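Input: a single structure, listed below in structure tokens.
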Amino acid sequence: MQVAAYATQGPTDPLKPFEITRRDLQPDDVLIDITHCGICHSDIHSARNEWGRAKYPFVPGHEIIGRVSAVGGKVTKHKVGNLVGVGCLVDSCLKCSACHDGDEQYCEKGSVGTYGGTEPVIGGPTFGGYSKQIVVRDAFVLKISEKLDPAAAAPLLCAGITSWSPLKHWGIGKGDKVGVIGLGGLGHMGIKFAVALGAEVVMITTSPEKGADARRLGVSDVLVSKDREQMKAHRGSFDFLLNTVPVKHDLNPYLGLLARNGTMVIVGAIEPLEPMHGGILLANRRSVAGSGIGGIAETQEMLDFCAEHGIVCDIEMIDMKDVNPAYDRVVKGDVKYRFVIDMATL
Ligand SMILES: NC(=O)c1ccc[n+]([C@@H]2O[C@H](COP(=O)([O-])OP(=O)(O)OC[C@H]3O[C@@H](n4cnc5c(N)ncnc54)[C@H](OP(=O)(O)O)[C@@H]3O)[C@@H](O)[C@H]2O)c1
Ligand SMILES: [Zn+2]
Ligand SMILES: [Zn+2]
């Protein structure tokens, strides 16, 4: 089926209207009319080939909300008219031990990304959510509560789950001191979740002007990472750091903030980092780890938690035609805290 979309044809090209082919509905497929799609910083890294893996034409978008408009004969989980979401994954083997454990993002056979993956039925690249409709295997379609504002729920599908998954994996809760590094799309959700889970949360930012907003989101303190005195005052005090910095950077000043047995989880920089100092790691038995998005069951758990606790993302809605200037604003850190595209404008 032919579907209207927005694509870029190369790393320096703007996104423009483009028609894509979606596969015909298979027995376990769901057809979704997309109403909203968030703009993740990964969309920009990928569209501009900053990770060196891009295939063109490229249609970004993996924070997708819409309504089911048709289902295949074997689908029982979703019904026509249901509000649903699709995140960064559209397929995996569902048989390996990672898939069995609900870690489909780490599928041993390789999971299929919503964009930039290989279309499992018709071949060619998978195309993301900057489009009118998408066809997705039912197991990868999430249920969205009607209690949630669909536009503000869209970024939960990537920014939300990427911050939720490490907080849950490392068992963060009451009694923990958590630092969230970078107040952007992932960071603002990291704050909301860590606060809701009962932790004491500190914002660690390069932008002092974001301090008031961070306090509104629930942090007890704001630490400006460029301020050496402030960094010294917090040395050795954090149980957990969620590092959302989107580019190569020096981890050492942040590592020094960790308390005994503390862990810093990298979710932002998907590229080589500056060298780490082993001495900072072995002092206080500190750990550095990474975490990639989240599995399907835990994404549903996060969405249900959001419906129960009234948690959504802080967004700015834009029309499809305004996507290119929006990309430039994300790179400058000039968005509070996620752009969401109104797909009715495509
Ligand atoms: N692990 C995963 O599975 C996964 C999933 C989704 C996204 N990502 C990646 O996560 C990163 C963050 O995504 P996002 O959408 O949250 O991006 P974003 O909205 O641009 O936020 C990133 C924030 O990091 C801070 N920052 C920017 N440049 C910095 C620098 N040079 N040094 C220190 N801090 C800096 C800024 O906050 P302050 O102004 O507060 O300093 C900025 O707002 C991206 O690289 C994205 O590709 C990873
Ligand atoms: Zn993303
Ligand atoms: Zn698998």
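Peptide packing: for 104-117, 58-71, 82-95, the average count of neighbouring Cβ atoms within 10 Å per residue gives the ranking 58-71, 82-95, 104-117, highest mean first. The separation of region 259-292 from region 302-339, counted between C-alpha centres, amounts to 28 Å.
Counting other beta carbons within 10 Å of each Cβ, put ARG285, ARG215 in order, fewest first. Mind showing how you got there, number by number?
On the way: ARG285 11, ARG215 14.
Exposure proxy ranking, most exposed first: ARG285, ARG215.
Students often get this wrong, so check it: of LYS95/LYS174; LYS16/LYS332; LYS210/LYS232, which have C-alpha atoms separated by over 29 Å?
Numbers: LYS95/LYS174 36 Å; LYS16/LYS332 22 Å; LYS210/LYS232 21 Å.
Pairs exceeding 29 Å: LYS95/LYS174.
Sorted fewest first by neighbouring Cβ atoms within 10 angstrom, LYS16, LYS174 come out as LYS174, LYS16. When each of the peptides 331-338, 241-248 is scored by the mean number of other C-beta atoms lying within 10 Å of its residues, the order from highest to lowest reads 241-248, 331-338. As a footprinting exposure proxy, order THR8, THR206, THR263 by other Cβ within 10 Å, with the fewest listed first. Arranged by neighbour count, lowest to highest, THR8, THR206, THR263 become THR206, THR263, THR8. Pairs of C-alpha atoms in the chain farther apart than 34 Å represent 23 percent of all such pairs. Within a straight-line Cα-Cα reach of under 15 Å, LYS336 can be paired with the following aspartates and glutamates, leaving aside sequence neighbours fewer than 8 residues apart in one chain: GLU209, ASP213, ASP314, GLU316, ASP328. The slack in the chain from ASP227 to GLU209, taken as 0.36 nm per residue of separation less the alpha-carbon distance, amounts to 5.1 nm. Here, region 160-290 is characterised by an Rg to Rh ratio of 0.92, where Rg is the alpha-carbon radius of gyration and Rh the Kirkwood radius. Considering only GLY256, ASN284, ALA233, and ranking their Cα positions along the charge dipole of region 160-290 that arises from unit charges at the beta-carbon of Lys, Arg, Asp and Glu, the one farthest toward the positive end is ASN284.
Starting from the exponent 0.38 and prefactor 2.2 Å, build the expected Rg for region 185-257 from its residue count and divide its actual Cα Rg by it.
Numbers: Rg = 11.7 Å, N = 73, 2.2 N^0.38 = 11.2 Å.
Taking the Cα Rg and dividing by 2.2 N^0.38 Å, one obtains 1.04.
Dipole of region 1-95 computed with +1 at Lys/Arg Cβ and -1 at Asp/Glu Cβ about the Cα centre; of PRO11, VAL30, ILE64, farthest Cα towards the positive end is VAL30. For the chain, the share of DSSP beta bridges that are antiparallel, to the nearest 5, is 55%.
What FRET efficiency would be calculated for the residue pair GLU316, TRP51, taking the C-beta separation as r and a Förster radius of 30 Å, to the nearest 0.05? Mind showing how you got there, number by number?
On the way: r = 25 Å, r/R0 = 0.85.
That pair, GLU316 with TRP51, gives E of 0.75.
Take the Cα of LEU25, go 7 Å toward its beta carbon, and the backbone nitrogen atoms of region 66-109 under 17 Å from that spot belong to 66-85.
When peptides 188-197, 293-302, 25-34 are sorted by average Cβ neighbour count within 10 Å, with the highest value leading, the order is 188-197, 293-302, 25-34.
What is the antiparallel percent of DSSP beta bridges lying wholly in region 160-290, to the nearest 5? DSSP beta bridges in region 160-290 are roughly 0 percent antiparallel.
For the pair region 8-25 / region 115-175, the C-alpha centres are spaced 20 Å from each other.
Readers should treat all values here as calculations from the given coordinates under stated rules, not as data from a laboratory. Bear in mind the structure is a predicted one, so any value in this text is a computation, not a measurement. Note that each Cβ is placed from the backbone with ideal geometry, even for glycine, and that neighbours are counted across all protein chains shown.
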